[in-house]
Every structure is written in C-alpha cells, then in structure tokens.
1. 222 nm [θ] for the chain, helices only, -39500 (n - 2.57) per DSSP H run of 4+, per residue, to 500?
2. Expected output is a single nm value to one decimal: the length gained when fully extending between Leu396 and Lys379, i.e. 0.36 nm times separation in residues minus the C-alpha distance. What is it?
3. Each residue of the stretch 398-404 in turn: what ³J(HN,Hα) in whole Hz from Karplus with 6.51, -1.76, 1.60 and θ = phi - 60°, glycine and Pro shown as x?
4. Name the long-range amide H neighbours of Val307: under 5 Å, sequence gap of 5 or more, or other chain; modelled H, no Pro or chain starts.
5. With r as the distance between the Cβ atoms of Arg414 and Ala263 and R0 = 41 Å, compute the FRET efficiency 1/(1 + (r/R0)^6) and round to 0.05.
6. Using only the Cα atoms of the stretch 142-206, build the gyration tensor, take square roots of its eigenvalues as a ≥ b ≥ c, and label the shape rounded, prolate or oblate: rounded if a/c is under 1.5, else prolate if a/b is larger than b/c, else oblate.
7. Pairwise over distinct Cα atoms, reciprocal of the mean inverse distance: report the Kirkwood radius of the chain in Å, one decimal place.
8. Set the Förster distance to 35 Å, then compute FRET efficiency between Thr353 and Arg39 from the Cβ-Cβ distance, nearest 0.05.
Amino acid sequence: MPAMIQGNAVIGQSGGPTAVINQSLVGVVEKLREIGAGRPGSPIGRILGMRHGVRGLTKGEFHDLTDIERARLDRIAVTPSAALGSTRDKPDAAYCERIFDACRKHDIRYFFYIGGNDSSDACRIVNELARKAGYELRCFHIPKTVDNDLLVNDHTPGFPSAARFVAKACMADFLDNISLPGIKINVIMGRHAGFLTAASALARRHDREQGSTDGPQLIYLPEVPFDLDRFVHDVAEIYDRKGRCHIALSEGIQDAEGVAIGARLIKGAQVDAHGNVQLSGSGALGDQLADLLKEKLTPVGGKPPRVRADTFGYVQRCFPDASPIDQREARGAGHYAVELAVSGDSDGSVAITRTSTPGPWECYSVAFNRIELADVAAKTRHMPPEFIAGHNNVSLAFHDYCRPLVGPLPEFERFEGV
C-alpha cells in the first residue's frame, strides 16, 4: 500500500440536502477513525467538517469531528438534512483558488465533498490546482442528489429515499382523489431529469398483473416535450371516463423548443442565481395548469371541474422515512471514498454500479467503483428512452429498475368499483 500523507482530513456537504446525506458524512468519519485518524502516530491528524461546505472552508469555519462520540455519530447518521450545513455556491476558478489556499493553510491533505455534479467539478478544479502547485492533496467526490441525474451511476444516494416519499405520497393522494373525485395535479422535483416524477408510478396497485388504472394515470417528464393542448385532451379523456384524474408532472416539463412550461405560464416569476425560473419553492406551475384545465374543461353554461394542485417542493428531499437501501449505500459510499484516498488514489468520484439484472425476480446487488471526476462533473443524466412509455407514462423497465431502491411500500385495500 502506498504511504499515507501526513495531514488533516476535511469533509463537506453541498447542494440540496437529502434524507441520507449524513449517512455519507458518518461513513467518511467512521472509516477515517477505523484506520486511526486522530490517534497518536497516525498520519491523519484531525477530521474537520466544513460549516456550510466550501464557503465555511474558505473562512476557516469547521466542526472538529475527530473525537465525536459514537452515540452522537449514530444519531447524526439517521438525521435528515445536512448536519454540517450546505451551500449552493458554484465555485469558479477564482473560488477554487481560495479553497486550495484554505487547504494549505489548515494542512488539509484529504478532501471529501458530498454533493452533485457541481461538487464533483469543484473537486476536479481544486485537485488540478494542487497538482500544479506540487501540493499532494487527495480529492474525492461522494455522490448525492434526489434528482438521480449523475452520469455513470446506476442511481445516486438520496434518490431512493425521495422516490419512496413520492410513491407513498401519491398512493395516499390517489385514495384522497377517489374519495372526493376531481382532477388532481402533483408537481414533483426535477428540472431536467424525470426520475423522481417517474417514481410516482410505484403508487399504482397491481400495475404488473392487470394493468391498473390507479393514479397517477398521467405522468409527464421533462425528457418528453409537453404540449398544453395535448395535456388538456389527455386529462379530458380520463376525466370523462372516470369522473376523476390523477396527474404527476415534473417541475421541469418543457415544450418542443426546450422552453420550460413554468417560464411560459408564470408571469413575473422569481429566478434563481443562474437565471432559472424558481420552480421547487413555488406552487405557481400547478396553479397555472389547474386554471388552464378549469378554463378548457368547463362546459358552456356549466360549472368548472374540481381541480386541485399541490407542489411537493422541498419536503421531498429530507422526509424522515429513508429507504433502507439508500441508508446503507450512502454510508458505503463514504466508506469507499476513504478506502480510495488511503490506497493512493489522488482523486475520483464514487459511483454505484448495479451488479444484478433488473426484473421481477432480481436479487438486488450493487458495487462501488471509482470513476474520473470529469466523467460526472457539470454533466446531467436524463431518463433513458427505455424507461419512458409514450408521452405520459413510464415503462415496466422503469418499475423493475426503481422498485428495489425504495424499499417495501404499504399494501392498501378498497372496495370494488371505487
């Protein structure tokens, strides 16, 4: 085994928090402590936690995790959201220079960053700066995102738990919809990738055995061009037949020209730091689509249909009902990042690779692998065509892919004909 570097280790969390991001944090800490970090004679001195990601690192603001009590660490692991605090900062070259300067100042030789594709890009740039300066620094990205949009990975820690929330929420919401029939729209996270919205399909009863018409009957993803007239027709067709309609759609649905429907419908909408129309923290898209359906489906001289819309919003990310598989894999990703760092690798991103074949009889298994930071940095993965069925549904292949990730779901019952 190559000699370990003398110095400190630092860990940070970035981007939107998840139900299991702290599992990855604890995975790094416990693996570092397992190999002796912080003990006399160990090449790794202190284990430092960045307060609010790289922003805290540049300011020298840390939580010292070297001697944190085991019982407290175990509680942090099962606590949703980012225990160290997170940041939405998107480091450019100048920002990364400040990050690297902070690493030198605090004798940091092991850099672990938990986050999405922007976080992996920050690792890449910082590592390049260290190489140019002749400063030995081992930089590792640990994947995290509820959107499931990181390339190379079969799935990303955070997604299975958020998908579990979406599936269970849609199960309950569909039962609400058949109790008091009407048209219900649920807007789900996913600006560019539809995986989380697609997970709503797991709410359906007996989907494999008998082609259930349980809700959501209509699922709209950002990967498929969204046409407002076709949407109205889809809803009208189901509503005329059943007297109700249950809909799941991604916040990032867009038209054939790639223009977000939210940007088209929401007048005077707030935008984020990157100029994108704010979607997750606003119910405006659902409200606009509900108003459209009321307008288009109201018979002449009649009453408008009962249309309601909910935006699941930020509650999807950190709901305290994590998928057991997600918890285990998020922790394992932290372990594996440390194993890579102490084995001599200078950088990389942890990827989850599925080693079993998805299907109704799958014996689910995965492996962790090192991939290049450039393979995932600043790139976006989309729902593959084989997971999409038509313009308003997902395929059984997606069911097979997603079902093992979310863990057991409730089995509800109702009377025939309801």
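1. -11500 deg cm²/dmol
2. Working: separation 17, 0.36 × 17 = 6.12 nm, distance 2.68 nm.
So the extension gain works out to 3.4 nm.
3. 5, 3, 4, 5, 8, 4, x
4. Close amide H contacts, sequence-distant or interchain: Ile183.
5. Calculated value: 0.55.
6. prolate
7. After inverting the mean inverse Cα-Cα distance, the result is 22.5 Å.
8. Approximately 0.55, to the nearest 0.05.
FYI, it's all coordinate maths here, none of it is from the lab. Because the structure is predicted, anything quoted here is derived from the model rather than measured. Glycine gets a Cβ as well: all are built from the backbone with ideal geometry, and neighbour counts include every protein chain shown.
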